[in-house]
1. Ignoring the sites themselves, what is the longest stretch of the chain with no GluC sites (Glu not before Pro) in a DSSP loop and at most 15 other beta-carbon atoms within 10 Å?
2. Does segment 1-67 classify as rounded, prolate or oblate by the C-alpha gyration tensor (a ≥ b ≥ c root eigenvalues; a/c under 1.5 gives rounded; else a/b over b/c gives prolate, otherwise oblate)?
3. Please arrange Val48, Val53 by counting, for each residue, the other beta carbons lying within 10 Å of its beta carbon, fewest first.
4. Of all trypsin sites (Lys or Arg not before Pro) in segment 32-132, which ones are in loop regions per DSSP and have a Cβ with at most 11 other Cβ atoms within 10 Å?
5. Plugging the Kirkwood radius over Cα pairs into Stokes-Einstein for the chain, at a temperature of 25 °C and a viscosity of 0.890 mPa s, what D comes out in µm²/s?
6. Counting only C-alpha contacts under 8 Å and six or more residues apart, can you give the relative contact order of segment 66-133 as a whole percent?
7. Would you mind checking Lys71/Lys115; Lys47/Lys128; Lys47/Lys89; Lys3/Lys89; Lys3/Lys106; Lys94/Lys128 for any pair whose Cα atoms are more than 30 angstrom apart?
8. For the chain, calculate the relative contact order in percent as a whole number, restricting contacts to Cα pairs under 8 Å that are 6 or more residues apart.
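What follows draws every value from the coordinates through simple rules; no lab data is involved. Computed from a prediction, not measured in an experiment: that's the story for all the values here. For neighbour counting, all protein chains shown are included, and Cβ atoms are generated from backbone atoms with ideal geometry for every residue, glycine included.
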Amino acid sequence: MAKIINFSEAAYIGLHGMILIARSGNELLNVTQIAERMNASRHHVAKVFQRLVKAGMLESTRGPSGGFVLKKDPQEVTFLEVFESIEGKLEESKCLNEHQICPFDKCIMNNIAKKISIEFRDYLSSQKLINYI
């Protein structure tokens, strides 16, 4: 089935996991706990959270009582920051086709790809972790 917006499993894990950590306050959550709560692969959660630590969004502590805690205030963290930490910079689409082939002066799709990508970016920018605690 075709999708207009492709939201990877890694992005979902990152966003949902960040909210779980924000909700936990100062209590550390480890990869196993996060994976169990989201019914996700422990290995995939670990890979996603490595990216979030590297991006400076989380702090990790090793060991049996280790886990993750937010490095920033949840009022400051937007969904866009989390998304881009995992997926890379969100680009504004100009055409629904990867390689523009349109021979016309006017876009027959009325630049809908650009409108959707701007709206998607605006939505991610407007949503903060604090809204889901």
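1. Numbers: sites that count: Glu27, Glu76, Glu91, Glu92, Glu98.
Of all site-free stretches, the longest is 28-75.
2. Details: a/c = 2.04, a/b = 1.85, b/c = 1.10.
The shape class here is prolate.
3. Numbers: Val48 27, Val53 15.
Ranking Val48, Val53 by Cβ neighbours within 10 Å, fewest first, gives Val53, Val48.
4. Here the sparse-neighbourhood loop sites are Arg62, Lys89, Lys106.
5. Numbers: Rh = 16.3 Å.
D, rounded to a whole number, is 151 µm²/s.
6. On the way: 45 pairs, mean separation 37.6, N = 68.
55 percent.
7. Over 30 Å apart, Cα to Cα: Lys71/Lys115.
8. Details: 144 pairs, mean separation 37.2, N = 133.
Relative CO of the chain lands at 28 percent.
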